Amino acid sequence: MPGLVSVPTPPQTPSLPYGSNANTIKTPSPFNSRTRQGKTPEKTPTHDSSFENPDLGPFLLKVARDTMVSGENPLKALDYALRASKSFEQCSGLGLEYVMSLHVVAAIYCSLRRFEEAVQVLERSIEVPDPENGSDHALAKFSGYMQLGDTYSMLGRLDKSISCYGSGLKIQIEALGGSDPRVAETYRYLAEAHVQAMQFDEAELFCKKTLEIHREHTALSSLEEAADRRLMALICEAKEDYESALEHLVLASMAMIANGQDNEVAAIDVSIGNIYLSLCRFDEAVFSYQKALTVFKSTRGDNHPSVASVFIRLADLYYRTGRLRESKSYCENALRIYSKPVLGATAEEIACGLTEISSIYEAVNEPEEALKLLQKAVKLLEDIPGQHNTIAGIEAQMGVMFYMVGRYGEARNSFESAIVKLHSTGEKKSVFFGILLNQMGLACVQLYKIGEAARLFEEAREILEQECGSFHLDTVGVYSNLAATYDAMGRVEDAIEILEFILKARKEKLGTANPDVEDEKKRLAKLLKEAGRDRTKKGKSLENLLDSNSHRLKDRIKKLSRFSFKT
């Protein structure tokens, strides 16, 4: 379902937030339609009396826009825009024309992939307008917040992006009211951003608000409602509410059929096939995939990435049903398409496809081939700004695979690289981050770096307690690993205390007759028995506890990292 969640990437010809000159990009008011922006230059102009000409600023801004649209010399466009902002500042002060010029400067910086400089300019632009001075000021501040949110999203700073979108939403609601159709678009931006951050409950709330507004203001089976339902289906799928996801997709498909959108209907058919596959309704899944495949081949050609994506879904289905030869054949067909991508194919969608194929190769016990595909995916993305979270997800999968084949040093390095990238984007408290810390701790245990493992488990425990609660399955898994590590370090009482808590949690959650409760009783009894003995068998106790978690956490990392892809 990649097409539903878009992370902004700067277009070749960036849209601008303002301006209606015949030779500039015409965009609706940012209160009406959101635009994704771009970057800027080297030198900032010093004071010059020539900048005080009141006609100079508008002229330079027009030239900057025209130069940017032509795509010939973005640095020259940046120079014009900077000079325009200086002229507005000196001639008319820190007014709305000055703010408008800063938005253009930031757009050019983004087109040059100089995102940090764009952030500084946009933060300045937000300080100037005061919504209490009228709707024009509110519009300028809203536009600045939303453009800043887009820029943070390009940098992979989803927390900052969500915060900026939220600030823009407040200003927009104050100006337009909570049920205006233009507000629905901002709700959708927030829903998509929360999906990227894997905050699905929050995403669902915003998507519901979007649906409510569109139902009030648009016709039945509108394209807007169809887009909302596809996003809601993605959210429901992430929350494993497959029946609700299927219902939203069927309604979206009906709307697209009514509007003659054949390619969109085919894309929805792929998503419907995914839900049927999750529900183990394999015949219906095959039918949905084949319908989509027929449309994509006829409208886009046999070598389009969308065809490859359906091949991958069929490969996964046939693997699950034990038809390994067909599964391998579909993987090879997809790889042939990715090896010679057609014009317009993006690195992101190819990397996503390679990652999905690697999971199938891993499942059929070809880990080396799977690792090669993951390494290719990382190489495709490493030079693209804003892909840190995506690369971190791929590196996490590589770490899991290295761990499962016994290459623990490489596993630790992969996990560490993923953690560093998430740190750099500000993601330090998510469930995914906690699970990565836990998995890196497992690799450290296998390398006999017990002290480092304990620190990682402790940090993971703190994050998962906060994000999931003490009784959540992932949190309990970290407790078990930490107990085993404390046992290996000779901290027997600490280990016993944790296992007693785990046993209590299991009893309250599952009941005393549950097999998991019995397992915990046996573990605790064994540790209590060993507490008064020569502790030469600590390693075995550690191994037993860790192995019980590693396979489940492997599946969890795969599931979570899938939502990190930005396409």
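The values are calculated or read from the model by the stated rules, or taken from the named source; none is laboratory data. Model, not experiment: these values are computed from the prediction. As a convention, Cβ positions derive from the backbone with ideal geometry for all residues, glycine included, and neighbour counts pool all protein chains shown. Ligands, DNA and RNA are stripped out before the accessible areas are found, and what is left, the full protein with its side chains, is counted by its heavy atoms. Shrake-Rupley method; radii C 1.70, N 1.55, O 1.52, S 1.80 Å.
At 1.4 Å probe size, with every protein chain present, just tell me what the per residue accessible area of segment 246-361 comes to in Å². Please report the intermediate quantities before stating the final value.
Values: 5240 Å² over 116 residues.
Each residue of segment 246-361 exposes 45 Å² on average to a 1.4 Å probe.
Residue 284 to residue 489: extension gain in nm, 0.36 nm per residue of separation minus the Cα-Cα distance? Don't skip to the answer; put the middle values down first.
Details: separation 205, 0.36 × 205 = 73.80 nm, distance 5.31 nm.
Working it through step by step, the gained length comes to 68.5 nm.
The solvent-accessible area of residue 412, taken with every protein chain present and a 1.4 Å probe, is close to 30 Å².
Express the carbon and sulfur contribution to the solvent-accessible surface of segment 314-367 as a percent, rounded to the nearest whole number, probe 1.4 angstrom. Here carbon and sulfur together make up 50 percent of the probe-accessible area. Measuring with a 1.4 angstrom probe and ignoring ligands and nucleic acids, residue 207 comes out at about 0 Å² accessible. Most tightly packed first, judged by the mean number of other beta-carbon atoms within 10 Å of their residues, the peptides 442-450, 365-373 read 442-450, 365-373.
Give the shape of segment 99-150 as rounded, prolate or oblate, defined through the alpha-carbon gyration tensor: a ≥ b ≥ c are the square roots of its eigenvalues, a/c under 1.5 means rounded, and otherwise the shape is prolate if a/b is larger than b/c and oblate if not. Verdict is prolate for segment 99-150.
In whole Å, what is the distance between the alpha-carbon centres of segment 368-415 and segment 111-190? Between the Cα centre of segment 368-415 and that of segment 111-190, the gap is 34 Å.
Can you tell me the accessible area per residue over segment 405-515, all protein chains present, probe 1.4 angstrom, in square angstrom?
Working: 4570 Å² over 111 residues.
Dividing the accessible area of segment 405-515 by its residue count gives 41 Å².
For segment 73-217, what % of the accessible area comes from carbon and sulfur atoms, probe 1.4 Å?
Values: 2490 of 5550 Å².
Percent of accessible area from carbon and sulfur atoms in segment 73-217: 45.
For the pair residue 127 and residue 332, a Förster radius of 56 Å applied to the C-beta separation gives a FRET efficiency near 0.50, rounded to the nearest 0.05. Rolling a 1.4 Å probe over the protein heavy atoms leaves residue 501 with an accessible area of roughly 70 Å².
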